[in-house]
Each structure stands twice: as structure tokens, then as C-alpha cells.
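To keep things clear, I will list the structure first and then write my remarks on it.
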Amino acid sequence: MANDKWVNLGTRPIKKIRPAEFPDISEMMKEPTKAARNPDAVDVLLVNPPSPDGGVWIRSQHRVGRRSRENMLWPQVSLARMAALLHPDYSVEVVDAIALGMKWDEFEDLLEKKQPKFYLTQVTAPTLTNDMYGIFLAKSKGATTIAFGTHVTPNTVNTMNDYPAVDFVLRGEPELTLRELIVAIEGNTGQNPKIVSLLKETDPAWEPVSPQAIAAGDFSGIKGLGWRNAGKPALTPDRPFIPNLDNLPLPMHELLPLDKYRMPLIKGPYAFVVPSRGCTAGCKYCIKHVSYNYTVRLRSAENVME
């Protein structure tokens, strides 16, 4: 030990600390969503998401949403009609996770398979956080997310502030707003003369939104929409009601799991025929007025029987 030489390590010069260089793989992680889409991919996925507790919940375009005590499986005719507004110009699929008994892990696998460009979902107040989980999943996989229903129509700004994954909200009667939004984002491809005629009949002042406005992120020209203006929720003017319901395409019932729908006192599957919109009654508890107000519009008998 006596012959050992001790070295004072404290006399060595201390090297300068290298500048921090943390990797940013954000753009790299976007690449999978830009890759070639698989054969099962769709343009628009219209969704009644899984339930919050594994039970049967009722969601619809004009209902507040509730847990079904009677285990009534509610046909998603509103989603089927919205799909009809987009078909055949865009590929569409309806997913009724409630009727299919689909759990969230299965639903996430489905999103991976379908790779939707647009994710449209029902949103109700009793299932709000649950429904937003579906939006979060879809957004994380590259989809443009769109919400509609009786919760987001009167509460658009608060909902978009609380849930940043929501890109757009369809306020009020949603069909034409959905169609116009997707056509605009897709670069005015898929313009359909019948739909253009319906848009002009509904709103004589209607003009298609310019591609330049959409490229600049300006959606203010699409009525009935909640959108993000420089990141902040913004509302466009209300869209007028469709005056003649006969001019709407018939719902694509073939997209629904019709064999799954059940209700008490009816043996076997069933579906809805919706002959009208709106109600003149002033019931304080009824949420239908949020979507359709108090004006009644009827389909013709011929159109109902078609």
C-alpha cells in the first residue's frame, strides 16, 4: 500500500455538458396513417360506440340517451340514413357496437382494420365520457372526428373545449352538414347533383365552400357546424331544416345488424320507419325539440311505403 500512487481525480478537467438533443418522432409516427390503406378500409365509419358498463344503452339522433331497463336494442336508423347521404360517392360502414355486444378492445381492433378517414359518432349526456373515448381512439389512429346528437347540439363550445379530440360537431339536423363537410375536406370530390339540389332547396343562399377556404382551415361557410378556428371552438349559423323529407335518400338498412334488434312484446327482429320529424307539443322534458324544434315535417305515404 505504501508504494501505491494516489491520484486526485478532482484535478481532471470537467468536460462541458453536451446540449440536450431529445428525439422528436412525431412525423415518423404519422407515417402509418399515410401508408396504403388495407382492403377493408372505409372513408366514413358511422358509430354507435360500446356501452360504458357492458349493458344496453339507447342512443339516437333525437334522444337524450339512457340505459335500457327492458333490454331494448334500438335500431340505428339515423346512422343508416346519414350513410345514405354519403353513398355511393364515399365508402361507408355502420358499426352498432351496442347491438353487437362489442367491447372496447374489440372496437379498437375494428378501428385498426377499417382505418376510417372520418369517424362519426353518437354522443349523449349520460354516456359522454364513454363516447369521447371512441373519439380519442379514432383521432389517435388518424381519423377526422365528428360528433352529433342532443348533447353536443346545445353544448358545442363546452364539449369541444373539454374534449380536444373532437374536430367537428354537427349541430341540429345533421345530414346535410355532414355531407357538405366531407365533400369540402375531400376537395369537392363526390359532388352529387341530387344532393346539390337538396342543399339549394334547403337553403336558397347556399354556395359550396371554396377549396381555398378549406385549405386555410376556414369552415365558417358550412352552416350548422361546430369547428376549431385557430384552435378555439367556433359556431357557424344554424342550418335551415330540410323542407321536404321525401328528398332524403332512404336509410341503408342493409348496413345495420338487423338480426340483433329486439324489443319487448315483439318476437324476432324489428326496425324503425320514421315518417316525420318535429312535434308541436311543448313537453318540457322532451329532448326531441333540440334537434327538430317545434315544426312538424311529414314524409308522404308513397315515400314511407317505398
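Derivation of every value follows stated rules applied to the coordinates shown; laboratory data play no part. Being a predicted model, the structure only gives us computed values, none of them experimental. Backbone-built Cβ (ideal geometry, glycine too); neighbour counts: all protein chains shown.
Brief remarks follow.
- Longest exposed-site-free window of the chain, the sites being trypsin sites (Lys or Arg not before Pro) in a DSSP loop that have at most 14 other C-beta atoms within 10 Å: 104-266
- Cross-link pairs Lys139/Lys267; Lys114/Lys260; Lys232/Lys260; Lys16/Lys139 - those with Cα-Cα distance over 31 Å: Lys139/Lys267; Lys232/Lys260; Lys16/Lys139
- For Lys200, a cut-off of 22 angstrom between C-alpha atoms picks up these lysines, skipping any fewer than 8 places away in its own chain: Lys223.
- In the chain, taking the dipole from charged Cβ atoms about the Cα centre, the farthest positive-side position among Asn293, Pro174, Ala184 is held by Asn293.
- Karplus-derived 3J(HN,Hα), 6.51/-1.76/1.60, for each residue of region 279-295, Hz, glycine and proline x: 7, 7, 5, x, 4, 5, 8, 8, 8, 4, 5, 5, 8, 10, 6, 10, 8
- Any cysteine of the chain lacking a neighbouring Cys Cβ under 4.7 Å - listed by number: Cys279
- Normalised by the number of residues in region 39-274, the average gap of Cα pairs under 8 Å and 6 or more apart makes the relative contact order 24 percent.
- Between helix 175-185 and the chain: long-axis angle, C-alpha atoms, 0 to 90°, nearest 10: 40 degrees
- Dipole magnitude of region 39-274 about its Cα centre (Cβ charges: Lys, Arg +1; Asp, Glu -1), debye to nearest 20: 520 debye
- Cut-off under 5 Å, modelled amide H: who pairs with Ala125 long-range: His151
- Considering only Val157, Ala281, Trp74, the residue lying farthest towards the positive end of the dipole of the chain is Val157, judged by Cα position with unit charges set on Cβ.
- Helix axis angle, 193-202 relative to the chain longest principal axis, alpha carbon, degrees: 80 degrees
- Alpha-carbon Rg with Dmax, taken over region 58-188, Å: 14.1, 46
- Helices in the chain, meaning DSSP H runs of at least 4 residues, each add -39500 (n - 2.57). Divided by all residues, the mean residue ellipticity at 222 nm is -8000 deg cm²/dmol.
- Helix 77-86 and the longest principal axis of the Cα set of the chain meet at an angle near 80°.
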